[in-house]
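Each value in this text was obtained by applying a stated rule to the coordinates, not by laboratory testing. Values in this document were obtained by computation on a predicted structure and should not be read as measured data. Here the Cβ positions follow ideal geometry from the backbone for every residue, glycine too, while neighbour counts run over all protein chains shown.
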Amino acid sequence: MRKAILKILEDNCRLSAPDIAKMLGIDKDTVANEIKVLEKERVILSYGALINWEKTDEEVVSALIDVKVTPQRDVGFDQVAERIQRYPEVKALYLMSGSYDLSVLVEGKNLKAVSKFVAEKLASMDNVQSTTTHFVLKRYKQDGIVFEDQHEDLRQVITP
Amino acid sequence: MSVNFDKFISPVVKNMPPSGIRRFFDLVANTKGVISLGVGEPDFVTPWHIREACVYSLEKGYTMYTSNYGLPELRKEISTYLLKRYEVEYNPDNEIVVTIGASEAVDIALRALLTPGDEVLIPEPCFVSYSPCTLLAGGTPVTIKTNASNGFKLTPQQLEANITDKSKILILCYPNNPTGATMSKEDLQAIARVVEKHDLIVISDEIYSELTYQGKHTSFASLPGMRERTILINGFSKGFAMTGWRIGYVCAHKHFIDAIVKIHQYTIMCASIMAQKAAIEALQNGRAQVSHMVNQYNYRRRLIVSRLNEIGLSCFEPKGAFYVFPSVQITGMSSDEFAEKLLDEEKVAVVPGNAFGESGEGHIRISYASSLQQINEALNRIDNFVKRYAHLSAVNSN
């Protein structure tokens with residue numbers, strides 16, 4: 001049940017507990033309680049919306065930055081990661097296998113703001129050896145959602 | 001001299017009533033802003049890997065005819081699939097024909113077996129093509145009314161009561177369109193005993209077999225002694241979301257297939273190779289996508305049944321396909337009246353139950369092959385509608 005609730009919410013977090021209960025054929029209080037527990041345990045971290053900012057007049061620039069780090073004794077990459085993740089400009093942060101160590105997704109108002117952040121905050125940080133910045137030019141798909149997908153129903157309105 | 005068209009049109013065709021859905025289709029098509037829950041096909045687009053396999057086959061130049069029976073590789077996959085999933089065994093060499101959807105399969109199976117005067121037993125409510133195809137094949141349709149009270153299953157008593165010495169074929173379609181009814185193994189066994197006793201042949205249209213939400217789908221052909229008496233029809237339209245590809249198949253004992261393939265070879269030649277290539281991919285790698293779609297349908301099914309019952313449109317729980325078939329009795333309206341008023345006043349399209357046979361009167365078919373958002377919005381509108389009329393109906397009857 002837990003997994004089913006999570007899957008449903010991951011797809012659409014606006015569904016109410018009573019609706020989810022009906023979808024799963026279980027009691028609505030059971031679902032409401034389970035969701036509370038999941039929130040408390042921080043299995044569910046937040047309920048967000050996926051937004052295509054390009055369709056608004058708000059400008060957002062994002063960049064993926066490959067960061068090479070000198071690992072530190074005992075704590076490895078964690079200490080550097082912890083420093084990086086504190087910045088609100090950092091939207092996502094992953095430890096990677098391969099030719100670099102940390103992948104940082106940074107968002108800013110414009111190119112200049114992001115570049116400035118990388119140069120002044122990220123690249124100059126202790127134990128950061130190098131950074132390679134890749135600006136995102138276009139988002140096609142995110143979290144399983146295609147941005148320019150056609151939502152028109154192409155079917156005949158009534159079929160047997 | 002002007003042509004007297006009527007003189008030339010076959011009386012069988014002339015006397016055939018137009019599909020009850022057709023009239024309603026025109027009504028809906030001319031109304032703006034409609035949420036349609038009247039669609040008898042998946043709202044999912046065919047999974048990309050299947051579409052891609054078709055594109056690839058075109059790039060490789062697969063644009064020719066295939067064997068009348070269909071591509072050997074596809075028949076092998078169908079044979080393996082049926083054995084694994086439904087425990088029925090058909091020889092891919094001579095017991096499977098790939099058809100233009102399950103619809104063609106119904107037509108050629110009937111034509112291969114019927115002679116004028118033969119009666120075909122058709123439980124109703126049912127899909128719209130069985131009676132017309134029977135008539136076109138020279139047979140006589142004998143409809144059997146099933147009831148909401150036992151979940152629109154066919155009972156052995158109902159079957160027995162309609163059998164005459166002319167009865168030849170029984171058509172079964174479970175999971176059922178339009179009711180969503182399923183028949184368990186035990187239910188089917190009881191039917192099988194009657195079939196055996198009266199020496200009938202069963203055309204089992206199992207096109208919705210993948211969309212079974214409780215228990216396991218039982219293929220009629222898998223019952224003891226029934227393989228030889230069954231013409232099994234299935235396809236890719238519903239389970240794999242491939243309606244527009246027109247690809248299905250018919251399986252039966254070699255003797256029946258020998259006859260069936262004759263009609264197929266002269267009228268159709270073969271199903272399109274692009275669709276056949278796509279179908280191979282569907283069977284080889286489609287399982288995960290099918291499970292995903294079935295899961296989604298199941299969520300919607302539970303939601304819709306529960307809400308319809310809250311609204312007051314009493315509704316037995318359908319265990320298959322993607323339809324619910326609630327009664328509209330509470331509003332005091334006929335199927336047609338309900339569907340037309342609902343369309344007019346709330347801009348929601350459902351199909352009047354009587355389009356699927358007389359016994360569907362007093363019901364509507366609601367398809368849940370639609371997004372959750374659409375379903376929820378449509379249910380809100382249906383709720384408003386029923387509130388408005390259930391009240392009046394109660395006043396009138398007092």
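Numbers at a glance
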| read-out | value |
| --- | --- |
| Fluctuation leader among A:E107, A:E89, A:E34 - chain A, Gaussian network, Cα springs under 10 angstrom | A:E34 |
| Longest to shortest principal axis, alpha-carbon extents of the range A:53-138, angstrom | 47, 24, 18 |
| B:H363 long-range amide H proximity, modeled H, under 5 Å | B:V328, B:S335, B:G353, B:N354 |
| Sorted by Cβ neighbour density within 10 Å, fewest at the top, the residues B:F338, B:F25, A:F135 | A:F135, B:F25, B:F338 |
| Exposure proxy ranking, count of Cβ atoms within 10 Å, fewest first, for A:C13, B:C173 | A:C13, B:C173 |
| Relative contact order [Cα under 8 Å, 6+ residues apart], chain A, whole percent | 21 percent |
| Residue-by-residue Karplus 3J(HN,Hα) for the range B:295-310, coefficients 6.51, -1.76, 1.60, Hz, glycine and proline x | 4, 5, 4, 5, 4, 5, 4, 5, 4, 5, 5, 5, 5, 4, 5, 4 |
| Spacing of the two label points (7 Å from each Cα toward its C-beta) at A:R2 and A:S124, in nm | 4.6 nm |
| Inter-centroid distance (Cα atoms) of the range B:152-191 relative to the range B:13-89, Å | 25 Å |
| Relative contact order of chain B, pairs being alpha-carbon contacts under 8 Å that are 6 or more residues apart, as % | 23 percent |
| Per-residue [θ]222 nm for chain B (sum of -39500 (n - 2.57) over DSSP H runs n ≥ 4, rounded to 500) | -14000 deg cm²/dmol |
| Compactness of the protein assembly as shown, expressed as Rg and Dmax over alpha-carbon positions, Å | 28.6, 102 |
| GNM flexibility winner over chain B from B:E310, B:E89, B:E361 (Cα, springs under 10 Å) | B:E310 |
| Ellipticity estimate at 222 nm from DSSP helix runs (n ≥ 4, -39,500 (n - 2.57)) divided over chain A, nearest 500 | -8000 deg cm²/dmol |
| Average partner coverage of A:148-158, which counts Cβ from other chains inside 10 Å | 6 |
| For residues of A:23-30, the mean tally of beta carbons on other chains within 10 Å | 3 |
| Of A:T131, A:T30, A:T56, the one that fluctuates the most in a GNM where chain A has Cα springs shorter than 10 Å | A:T30 |
| Three semi-axes of the equivalent ellipsoid, the range B:285-369, Cα gyration tensor, whole Å, largest first | 26, 13, 12 |
| Cut-off under 5 Å, modelled amide H: who pairs with A:V136 long-range | A:S62, A:A63, A:L64 |
| By average C-beta atoms within 10 angstrom, highest first, the peptides B:159-165, A:4-10 | A:4-10, B:159-165 |
| Least to most buried among B:F256, B:F8 (fewest other Cβ within 10 Å first) | B:F8, B:F256 |
| Distant-in-sequence amide H partners of B:T99 (H built 1.01 Å from N, under 5 Å) | B:G248, B:Y249, B:V250 |
| For the range B:48-285: relative contact order, % (alpha-carbon pairs under 8 angstrom, 6 or more apart) | 30 percent |
| Inter-centroid distance (Cα atoms) of the range A:96-118 relative to the range B:265-300, Å | 44 Å |
| Hits among aspartates and glutamates - C-alpha to C-alpha of A:K68 under 20 Å, sequence gap 8 or more where chains match | A:D78, A:E82, A:E89, A:D101, A:E107, A:E120, A:D126 |
